[in-house]
Amino acid sequence: MDRIAGIINLDHEQDVLDELTYFRCSAAVPFAGRYRMIDFTISNMSNSRIESIAVFARRKYRSLMDHLEQGKAWDLDRKRGGLFILPPDWNDPTDISKGDLQHFHNNIDFITRTLADYVVVSGTQNICNINFREVLEEHKASGADVTVVYKKVEELYPEHKRAHKLTIDESGRVTDIHNDQRSNNVYMDMYILEKNYLYGMIEDCIAHGCSHFFLDGIKARLPQIHMHAYEYEGAHALINSVESYYRHSASLLNGANHDDLFKEEAPIFTKVKNEPPTKYSQDSNVTNTLVANGCVIDGQVEDSILFRGVKVAKGAVIKNSIIMQRCEIDSNAVLENVILDKDCRISNSRTLIGVPEKPYVVAKRVSM
Amino acid sequence: MKKECVAMLLAGGQGTRLKSLTKQIAKPAVYFGGKYRIIDFPLSNCTNSGIDTVGVLTQYEPLILNNYIGIGSDWDLDRKYGGVSVLPPYVQSEEGGGWYTGTANAIYRNIKFLNQYDPDHVLVLSGDHIYKMDYSDMLDYHKASGADATISVIEVPWEEASRFGLMNTNDSGVITEFDEKPEYPKSNLASMGVYIFRWDILKRYLIDDANNENSSNDFGKDIIPAMLGDYKKMMAYTFDGYWKDVGTVASLWEANMDLLKEKQELELNDYSWRIYSKSPNQPPQYISHEATVHNALINEGCRIHGTIDHSVIFYGVHVQEGSIIQDSVIMPEAKIGKNVTINRAIIAAGSVIEDGAVIGDPSPKSDITLVADEDSVLAQSYLEQIIK
C-alpha cells in the first residue's frame with residue numbers, strides 16, 4: 001500500500017469566528033457537541049491510514065496543542081511517524097522564505113524524512129468525512145501532478161463567497177481557479193501530490209519569492225501543471241464565519257446530515273474526557289437537541305447543541321443555541337439564538353436573545 | 001523495582017446468577033451505569049488511590065476482559081514499572097497446572113509476579129462490586145494499626161446481615177470472629193471483599209494453604225479463618241460510602257436504578273474521582289422532536305425518538321418512534337424498534353427488539369426481565385402480544 005503523509009496547514013485560516021477565535025485558532029474551535037474543527041481533518045487522515053501528520057501552526061495554538069496532545073486520541077502516538085505540531089520557532093539565518101513557505105522551508109525535514117511517497121495538504125475549515133485513499137487512487141489514475149478536492153454545492157451561501165472555485169473540463173482536469181460567485185465547484189482546501197513533486201515545488205517557490213504555496217506555486221502555474229479535480233460527494237460544511245458555524249451546527253440536528261458526517265466505518269475521534277453519561281431529571285424537557293456526555297439537565301432545551309459537562313438548572317429555557325463545555329445555566333435563565341463559549345455562567349433569570357441570522361456570541365469564561 | 005503496595009484483582013468469576021449476561025463474558029466485564037463495566041470501578045479506584053501496579057486474575061471467558069483491559073491505558077495503568085498485568089492460569093513445568101482452584105490459589109500461583117515488586121502489602125480486590133473507595137486511606141489505617149491483615153467492612157441493615165460474611169470486632173476494631181452468612185448475626189459489619197495483607201505473612205499462609213489437601217483455597221473460607229485461628233492481628237476498616245454487590249440480575253438492575261435517585265449516593269459526575277473506562281468514540285446523543293426523556297442517564301451515540309422514563313441507556317442505543325422504556329437498563333448498541341414497550345427489564349448489548357414487542361412486567365414487585373437471547377425472547381413476547 002502507498003504511504004501517505006499529511007500536512008495540516010493552518011496558515012491561511014483567519015480567526016474569523018469573532019469571540020470563538022479570540023483565544024484560539026479556528027482549527028481549535030469546538031464543533032458538534034464534542035469535537036474541535038481539526039478533529040475532522042485528523043480523523044479523516046487517520047482513517048485513511050495516514051500515520052505521519054504535521055500541523056503548521058502560527059498563532060493562538062495553545063488550545064490546539066492542549067487538545068491534540070501526542071495524538072493518542074487518533075492513534076497517532078506512534079514510534080514511526082505520528083503527530084507533529086510545528087509552531088514557528090525558526091532560526092535559520094539563510095532563510096529567505098515568506099508566507100506559508102516559511103513553514104514548508106523550516107519544516108522541510110518532515111517532508112524529506114517521511115517514508116511516504118505522497119502528501120495530502122489540507123486546511124480545517126471544510127468539515128467533511130473523506131477517504132484520502134480514494135483521492136489518491138483517482139490522482140494516480142489521472143496521471144495528474146496535483147489533485148485538488150472540491151464539492152459541488154447545491155446552493156451558494158455567503159461562506160462560499162471567499163472560497164476558491166474550479167473550472168473543470170470533461171476529463172476532470174482543472175482549467176481555472178477563481179472567485180467567480182456563480183460557480184458552485186467549491187475548492188475544499190485539500191490537495192494531494194507526490195512527495196518529490198512537492199519538494200521541488202517548495203524549492204522553486206522559495207527561489208521565486210512566493211509567499212503562498214497554493215496560490216503562487218500551484219494556481220499561478222495552472223496552464224503548465226496538470227491539475228485533476230476529485231469530486232467529494234459526502235456531507236460538507238465550510239465554516240469561515242459565525243453565521244456559517246451556527247447554520248452548519250444546526251443542520252446536524254437533521255438525522256440525514258448527521259449520519260453523512262458521522263459514519264460507523266469512519267468515525268471521528270476526539271480527546272476523551274471520561275465524562276459520565278448525561279443525567280436528565282424528572283423536570284427536564286429536551287427535544288431536537290444533540291447532547292454530549294457529562295451534562296446534568298433539569299430545564300428545557302430545544303433545537304440546540306450541548307457540549308460536555310453543561311449544567312441546565314430547573315426552569316432555565318434554551319432554544320436554538322450552542323452551549324459549550326462546562327457552561328452553567330442557572331434557574332429561570334432564558335437563552336435563545338445564543339452561542340456560549342466554554343466555562344460561561346448565566347445567572348438566575350438572566351435573558352439573552354440573539355436573532356437567528358446573527359446569534360449572540362459570548363466569549364469564554366464570562367459570567368453574567 | 002520495589003512497590004509499597006500491589007493490587008491483585010480477582011476477575012475470574014463466572015457470575016452464574018447474572019444468567020445469560022455472563023454467557024460469554026466474565027462477571028467483571030458486565031456493563032454498568034450507562035457507560036462502564038464493573039471492573040472500571042476497582043481499576044479506577046486503584047489509579048485514583050495512587051496504586052499503579054495491578055495484577056488482574058482472569059479465568060472464565062477471558063477474551064473480552066483481556067481485550068478490554070489491554071495495556072491499561074484507559075485507566076492510566078500503562079506504566080514503565082508496574083501498570084496492569086493480566087494473569088491467567090498457566091502450566092508450570094514441575095507442578096503441572098490447570099485452573100485456579102480458588103481465590104487464594106489464584107494469588108498463590110502468582111507469588112512470582114508479586115515477588116518482582118517486593119511489596120510490603122498486597123491489596124486483594126474482587127471484580128464484583130460497585131463503589132468508589134480511596135484504598136490509600138485504608139492502607140494508612142492498616143499501616144498505622146500494625147495489622148497483619150485489614151478487611152474493609154460496611155454496615156449493612158441488621159435484617160439483611162445474614163446474607164453476608166460478617167466480622168465480629170472488639171471496641172478497637174480488632175476482628176475477633178468471622179461468620180460466613182450466619183443465621184443469627186452478632187454483628188452487622190459485612191466484608192466488602194477488599195483486603196490488605198502484609199505480604200510476608202500472606203505468602204506464608206498461601207504456601208501452607210496450598211500444601212493442605214483439604215483446603216478449598218479460598219480467602220473467605222480458608223485463609224482468613226486460618227489467620228484468625230493463629231491470633232494474627234486483623235483489623236476491620238469501616239467504609240461508609242455506597243457499595244453494592246451486583247451479583248444477580250435484580251441487584252444489577254437496582255444498582256443502575258440507584259444512579260437515577262435525586263440524591264445520588266454514587267456520584268459519577270465527580271471530577272476528583274473519575275471512573276475511567278474505554279471510550280466508545282461516538283458522536284453526542286440526539287434527542288428528537290418526538291422524544292420525551294425524564295429521569296434518565298443516557299450516553300453518547302444514542303438516538304432517542306421514543307419515551308425514556310427512569311432508565312439507564314448505554315452508548316449507541318437507538319429507540320424509535322412510539323416506543324416507551326420505563327424502569328429499564330438498555331445495554332450498548334441495542335436497537336429498539338417502533339412502538340415497543342419495555343418495563344423493568346435489562347436488554348443486553350446488541351439486542352435487536354422488533355417493532356411492537358412488549359417486554360417486562362410493570363407491576364412494582366415483579367421480577368426483572370432479562371433479554372439477552374434475542375430470537376427466543378422476542379418471538380415469545382411478540383406472540384404474547386398477538387394473543388392479547
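Given R₀ = 22 Å, FRET efficiency for A:Asp169-A:Asp204 by Cβ-Cβ distance, to 0.05?
The computed FRET efficiency comes out at 0.30.
If one takes the longest principal axis of the Cα atoms in chain A, at what angle in degrees, from 0 to 90 and to the nearest 10, does the Cα axis of helix A:37-47 lie?
The angle comes out at about 60 degrees.
Need one number for chain B: average projected area of the convex hull over its C-alpha atoms, nm².
20.9
Helix-derived [θ] at 222 nm for the protein assembly as shown: sum -39500 (n - 2.57) over DSSP H runs of at least 4, divide by residue count, nearest 500?
-5500 deg cm²/dmol
Rounded to two decimals, what is Rg over Rh for chain A when you use alpha-carbon atoms and the Kirkwood radius?
0.99
Counting other Cβ atoms within 10 Å, keep those with at most 10, restrict to DSSP loop, and tell me which trypsin sites (Lys or Arg not before Pro) in segment A:40-135 are left.
A:Lys79, A:Arg80
Along the Cα→Cβ direction, 7 angstrom out, place labels at A:His226 and B:Glu155. What is the inter-label distance in nm?
Modelled inter-label distance: 8.4 nm.
Kindly give the semi-axes, whole Å and largest first, of the ellipsoid equivalent to segment A:279-362, taking each as the square root of 5 times a Cα gyration tensor eigenvalue.
17, 13, 12
Filter the chymotrypsin sites (Phe, Trp or Tyr not before Pro) in segment B:12-87 to those in DSSP coil with at most 15 other Cβ atoms within 10 Å of their Cβ, and list the result.
When the chymotrypsin sites (Phe, Trp or Tyr not before Pro) of segment B:12-87 are filtered for loop state and at most 15 Cβ neighbours within 10 Å, B:Tyr81 remain.
Quick check: from the Cα gyration tensor, does segment B:261-326 come out rounded (a/c under 1.5), prolate or oblate?
It comes out oblate by the Cα gyration axes.
Return the equivalent ellipsoid semi-axes of segment A:233-290 as a descending list in whole Å, where each equals the square root of 5 times an eigenvalue of the C-alpha gyration tensor.
The three semi-axes for segment A:233-290 are 24, 17, 13 Å.
Non-local amide H neighbours of A:His226 (under 5 Å, H modeled in plane, Pro and chain starts lacking H): which ones?
Under 5 Å from the amide H of A:His226: A:Asp145, A:Val146.
How far is the Cα center of segment B:98-122 from the Cα center of segment A:331-353, in Å?
Answer, in whole Å: 56.
What does the accessible area per residue of the protein assembly as shown come to in Å², with a 1.4 Å probe and no ligands, DNA or RNA counted?
41
Can you list the residues of segment B:231-279 whose accessible area drops by at least 30 Å² going from the chain on its own to the full set of protein chains, with a 1.4 Å probe?
Listed by number, the residues meeting the 30 Å² cut-off are B:Asn269, B:Tyr271, B:Arg274, B:Ser279.
Count neighbours as other Cβ atoms within 10 Å of each site's Cβ, and list the GluC sites (Glu not before Pro) in segment A:214-316 that are DSSP loop with at most 15 such neighbours.
Answer by residue number: A:Glu233, A:Glu264, A:Glu265.
Would you give the gap between the C-alpha center of segment A:16-78 and the C-alpha center of segment A:231-249, rounded to a whole Å?
17
Over chain B, what is the relative contact order in whole percent, taking alpha-carbon pairs under 8 Å and six or more residues apart?
Computed over chain B, the figure is 14 percent.
Kindly report, to the nearest 10 Å², the accessible surface of B:Tyr195 as traced by a 1.4 Å probe over protein heavy atoms only.
30
Kindly state, to the nearest 0.05, the FRET efficiency for B:Ser162 paired with A:Met368, given R0 = 60 Å and r defined as their beta-carbon distance.
Between B:Ser162 and A:Met368 the formula returns 0.55.
For segment B:227-319, which whole-number percentage of the solvent-accessible area (1.4 Å probe, protein heavy atoms only) is attributable to carbon and sulfur atoms?
That share works out to 49 percent.
Nearest 10 degrees is fine. How inclined is helix B:374-387 to the longest principal axis of chain B, computing both from alpha carbons?
40
Specify whether the C-alpha gyration tensor of the protein assembly as shown places it in the rounded, prolate or oblate class, a ≥ b ≥ c being the square roots of the eigenvalues: rounded for a/c under 1.5, otherwise prolate if a/b is larger than b/c and oblate if not.
prolate
For the cross-link pairs A:Lys195/A:Lys219; B:Lys112/B:Lys203; B:Lys132/B:Lys233; B:Lys132/B:Lys278; A:Lys151/A:Lys342, which exceed 21 Å when the distance is taken from alpha carbon to alpha carbon?
The pairs that break the limit, which is 21 Å between Cα atoms, are B:Lys132/B:Lys233; A:Lys151/A:Lys342.
Would you mind pulling out the separation of the Cα centroids of segment A:279-320 and segment A:135-211, in Å?
42
When only C-alpha pairs under 8 Å and at least 6 residues apart count, what is the relative contact order of chain A, in percent?
Relative contact order of chain A: 15 percent.
Got a sec? Which residues in segment A:1-37 would a label at A:Asp66 touch, if it sits 7 Å along Cα→Cβ and we count backbone N under 17 Å?
Under 17 Å, as judged by backbone N against the label point of A:Asp66, lie A:19-31, A:34-37 of segment A:1-37.
Anything over 29 Å Cα to Cα? Flag those among A:Lys314/B:Lys35; A:Lys311/A:Lys358; B:Lys3/B:Lys23; A:Lys161/A:Lys358, in the order listed.
Violating the 29 Å Cα-Cα cut-off are B:Lys3/B:Lys23.
Sticking with the crude label model, points 7 Å out along Cα→Cβ, report the distance from A:Asp77 to B:Asp361 in nm, one decimal please.
5.0
What do you get for the angle between helix A:242-251 and the principal long axis of chain A? Use alpha-carbon atoms, 0 to 90 degrees, nearest ten.
70
If the label point is 7 Å along Cα→Cβ of A:Trp90, which residues in segment A:39-78 have backbone nitrogen under 19 Å from it?
The answer is A:54-62, whose backbone nitrogens lie closer than 19 Å to the label point.
Please work out how much length the chain gains when fully extended from A:Asp303 to A:Asn184, using 0.36 nm per residue of separation minus the C-alpha to C-alpha distance, in nm with one decimal.
39.9 nm
Pairs to check: A:Lys72/B:Lys143; B:Lys19/B:Lys338; B:Lys27/B:Lys365; B:Lys27/B:Lys338. Give those whose C-alpha atoms are more than 30 Å from each other in this structure.
A:Lys72/B:Lys143; B:Lys27/B:Lys338
Restricting to Cα pairs below 8 Å that are 6+ residues apart, what does the relative contact order work out to for segment A:279-362? Please round to a whole percent.
Reported relative contact order: 20 percent.
Which value, in square angstrom to the nearest 100, describes the accessible area buried between chains B and A on both sides, using a 1.4 angstrom probe?
Roughly 3000 Å² of accessible surface disappears when B and A pair.
For segment B:173-251, take every pair of Cα atoms, bin their distances at 5 Å starting from 0, and report each bin as a whole percent.
3, 11, 22, 22, 20, 13, 8, 2, 0
Would you mind checking segment A:218-247 for residues with the amide N under 18 Å from a putative spin-label position 7 Å along Cα→C-beta of A:Glu357?
Flagged as within label range: A:241-247.
How large, in percent, is the carbon and sulfur part of the accessible surface of segment A:48-88 at a probe radius of 1.4 Å?
46
The values are calculated or read from the model by the stated rules, or taken from the named source; none is laboratory data. All values reported here derive from a predicted model rather than from experimental measurement. Cβ atoms come from the backbone with ideal geometry, glycine included; neighbour counts cover every protein chain shown. Just the protein is used for accessible areas: all its heavy atoms, side chains included, with ligands, DNA and RNA removed. Shrake-Rupley method; radii C 1.70, N 1.55, O 1.52, S 1.80 Å.
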